[in-house]
Amino acid sequence: MLNIVDMKVFVVFLFLMFGFSSVAQVTKVDNRIVLEGKSAFEAYACNNCHGNKGDNLGDFSGLKKRFSDEEIIRYIKNPRLYGNKLMPVYDGVIPSDKLNTLVHYLHHLGSEQTPKKL
C-alpha cells in the first residue's frame, strides 16, 4: 500500500518517465474514483452518521495505514462481526464496485483528517 509520500514519488516517477499528460491522466482517474466514492457515501447515507467530511462517528485518519482495503470492505459489509451494533449491515446492499470506490473515498477523507483524541 502506498502512503502519501510514496504516492508523490510515484507521480514524479510517472512524470519523468511518461510526461505530464500521463500524470494528469492518473490524477484524473484517481479523482474520478474519489468522486464516485463520495457519491456512494452519500447514496448509502454514510454521511448521516459519519458526517459529510467523515468528522462525526468513526476515525478515518490514517485508515490506509491501519487497515487493508479488504479489511475495510469486510467491516462495511458486516460491522456486527466487529462489535458495531449501530452501523447497518451492507452485505448484499452495496455492490462490489461501489464498495471499492467507497474505500477510496474513505482513504481520501482519512488523508484530510487529524486523529481524534479518545
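Count Lys and Arg as plus one, Asp and Glu as minus one, and take only other residues whose Cβ is under 11 Å from that of residue 88; the net charge is then +2. Summing +1 for each Lys or Arg and -1 for each Asp or Glu among the other residues whose beta-carbon sits under 12 angstrom from that of residue 100 gives -3. For segment 34-111, the relative contact order comes to 50 percent (Cα pairs under 8 Å, sequence separation of at least 6). In a fully extended conformation the segment linking residue 80 and residue 48 would gain 9.6 nm over its present Cα-Cα distance, using 0.36 nm per residue.
Computed from the coordinates by the stated procedures, all read-outs in this text should not be read as laboratory data. It should be emphasised that the depicted structure is a prediction, and the values quoted were computed from it without experimental measurement. Glycine gets a Cβ as well: all are built from the backbone with ideal geometry, and neighbour counts include every protein chain shown.
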